Amino acid sequence: MARTLTDEDIEAIARRVAELIGRGAASPRTIDAGAIYSVEEAAALTAMHTDTLRRKLRTGMITGSRRTGEWRIRGAELLKLA
């Protein structure tokens, strides 16, 4: 049998959802055009998979540099993806 939600139930649900959204990993961060990011950092900022970013780097869709085997990407390049 289905239960009818009261106003208090709805308010409690709304508070819980707001709490979860507030500390979620998807909190927006701004990309600094002058900063240099690792692939992992860039993936988090752009909501792309790390493999997708590496493929874009290898194929020249975005530019980056490799130092000590790890890609580094300027924030200005990430802004081009937006």
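Here, each number is a calculation from the coordinates, and none is a lab measurement. This is a predicted model, so every value here is computed, not measured. Quick reminder, even Gly has a Cβ in these numbers, built from the backbone with ideal geometry, and neighbours come from all protein chains shown.
Tabulated values for the structure
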| item | result |
| --- | --- |
| Under 13 Å, Cβ to Cβ, from residue 54 - net charge with Lys/Arg +1 and Asp/Glu -1 | +2 |
| Nitroxide proxy distance, nm - points 7 Å out along Cα→Cβ at residue 81 and residue 10 | 4.0 |
| Options 52, 2, 17, ranked by Cα towards positive dipole end of the chain, top entry (Cβ charges) | 52 |
| Per-pair calculated FRET efficiency, R0 = 22 Å: residue 32 and residue 58 via Cβ, rounded to 0.05 | 0.35 |
| Calculated [θ] (222 nm, deg cm²/dmol) that DSSP helices of n ≥ 4 give over the chain, each run adding -39,500 (n - 2.57) | -15000 deg cm²/dmol |
| Span per principal axis, largest first, for the Cα atoms of the chain (Å) | 59, 28, 23 |
